């Protein structure tokens, strides 16, 4: 119960920050993808069941809030991310900052690649422009924020899994 | 049947993944009106309270700073008010003399941005005005800098605004200097392209682009952006015209919804002139409506 409540709390906090009109942490129009960072962490820490369920929930909420014509797109990609990262639970150990940075960067970039490819219906000029303008710097930014945020989430995880 | 249940239990992670995957794909394949309806219901129930909490927190933090700024502004405005009263008297006297036609008034509603698309390509924003305030679908949304977009979905207390950098946005515009008409569409990033400009069309870098008033949504003469690049398209039939939008769509916080008096009509403003905003102040003032004045064609 504590684990579930803490997970909901983390997701709602990330969602509120991401949706905030304050543009928290925005640099030159690029923001870190907090929801994806949380999903990466949850999937690697909890496995593929939690990964795919969290991915679907986060993606679905994101879809609802965005332009409704994209309903299902975020959910689809985040389910894939959650499941495949969850499958890596116990196989990779992210102890160092550089390892965490690398995995968050790779996942963010792959996520955006897939997302914008479908979003732009394989039309390459806007796809490439968005990848260069937003996805690449976004992945670098998210990886930097994410690798630091993982330390905080580690502590929170210790609290939520502690015996009551 | 028992065998199927056993299989599902044994591979429950994979089964769950498959179900969620199918659910996502099914949503993607839904008809657009069903998606809109679903998003409308959930957004109004789920997001509006969260956004209100976020806005409230921001308001508390900004209150002290805002108070100081407003005190300074009151002093400045009181001085300007005296000057304006003098000018208004003079204006009325002169208008009577040369028999100017009565100027029509153009009502706009101030609104606050309470949410934006979590996607890093900000294609839409949520504002705190809805159908209860008189907002309807396809109303123009502007800032003092220029056009932001139009309302595409209206809820009782909020409305979703499609910005100029949404991939589905199309706005009929005109180059203010040469009066060449084109269709503004998103190009990528914070740039738009002015489409359907003929090869011989007179467009130069630095030209101001304003709304043409032809689409029936945006009144004529609202500032949209500035031409930053002109070239030839590969096919050679049209010119490639890139426009940087005037409003800072990544940071927009307060907007105005053009809520009446203008649809189907056109504002006649000098292209270089921004709409002049003036607050209608009444005794025991509760209304926040603003008036934009301009000639009606």
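Read-outs: derived from the displayed coordinates by stated rules, not from any lab. The structure displayed is predicted, hence computed values, not measured ones. Cβ sites come from the backbone with ideal geometry, for glycine too, and all protein chains shown count toward neighbours.
Just need the relative contact order of segment A:15-164 here, percent rounded to a whole number, with Cα pairs under 8 Å and 6+ apart.
24 percent
Need the full-extension length gain, residue B:6 to residue B:73, defined as separation in residues times 0.36 nm minus the C-alpha distance. One decimal, nm.
Length gained between residue B:6 and residue B:73: 16.9 nm.
Given the -39500 (n - 2.57) contribution per DSSP H run of 4+ residues, what per-residue ellipticity at 222 nm results for chain A, rounded to the nearest 500 deg cm²/dmol?
About -24500 deg cm²/dmol.
Just counting partner chain Cβ atoms within 10 Å, what average do the residues of peptide A:76-83 show around their Cβ?
If you average over the peptide's residues, the count of other-chain Cβ atoms is 4.
Given R₀ = 60 Å, FRET efficiency for residue B:251-residue B:14 by Cβ-Cβ distance, to 0.05?
Computed FRET efficiency for residue B:251 and residue B:14: 0.85.
Would you mind ranking B:52, B:129, B:10 so that the residue whose beta carbon has the fewest other beta carbons within 10 Å leads the list?
Exposure proxy ranking, most exposed first: B:10, B:52, B:129.
Taking only Cα atoms, what is the 0 to 90° angle, nearest 10, from helix A:34-46's long axis to the longest principal axis of chain A?
40 degrees
Put a dot 7 Å past each Cα toward the Cβ at residue B:61 and residue A:88; how far apart are the dots in nm?
Each label point lies 7 Å from its Cα, and together they span 3.2 nm.
Quick one: Debye curve from the C-alpha atoms of segment B:173-257, no solvent, what's log10 I(q)/I(0) at q = 0.13, 0.17, 0.21 Å⁻¹?
Log10 of I(q)/I(0), two decimals: -0.39, -0.66, -0.97.
In degrees between 0 and 90, to the nearest 10, how far off the longest principal axis of chain A does helix A:136-161 point, with axes built from Cα atoms?
20 degrees
Neighbouring Cβ atoms within 10 Å as the yardstick, rank B:220, B:251 fewest first.
Exposure proxy ranking, most exposed first: B:251, B:220.
Would you kindly state how much longer the chain becomes between residue B:81 and residue B:237 on full extension, computed as 0.36 nm times their sequence separation minus their alpha carbon distance, in nm to one decimal?
Once the chain is fully extended between residue B:81 and residue B:237, it gains 50.9 nm.
Between residue A:110 and residue B:89, what is the label-point separation in nm under the 7 Å Cα-to-beta-carbon projection?
Inter-label distance under the simple model: 7.5 nm.
In degrees from 0 to 90, rounded to the nearest 10, what is the angle of the helix A:2-19 Cα long axis to the longest principal axis of chain A?
For helix A:2-19, the angle is close to 30 degrees.
In square nanometres, what is the average projected area of the Cα convex hull of segment A:49-122?
Dividing the Cα hull surface by four gives the mean projection, 5.3 nm².
Treat each spin label as a single point 7 Å out from the Cα along the C-beta direction, and report the residue A:95 to residue B:178 distance in nm.
6.6 nm
Taking 25 °C and 0.890 mPa s as the conditions, I'd like the Stokes-Einstein D for segment A:2-161 in µm²/s, using the Kirkwood hydrodynamic radius from alpha carbon pairs.
Result for D is 155 µm²/s.
Can you give me the Cα centroid spacing of segment B:132-148 and segment B:45-79 in angstrom?
The distance from the Cα centre of segment B:132-148 to that of segment B:45-79 comes to 21 Å.
Sort A:69-80, A:26-37, B:201-212, B:76-87 by the packing proxy (mean of other Cβ within 10 Å over each peptide's residues), most packed first.
Those peptides, ordered most packed to least, come out A:69-80, A:26-37, B:201-212, B:76-87.
Using the count of nearby Cβ atoms within 10 Å as a rough guide to exposure, how do B:196, B:1, B:27 rank from fewest to most?
B:1, B:196, B:27
Ignore the peptide's own chain and count Cβ atoms of other chains within 10 Å of each Cβ in B:22-34; give me the average, rounded.
What the average comes to for B:22-34 is 5.
For B:138-150, what's the mean count of beta carbons from other chains sitting within 10 Å of each residue's beta carbon?
Across B:138-150, the average partner-chain Cβ count within 10 Å equals 0.
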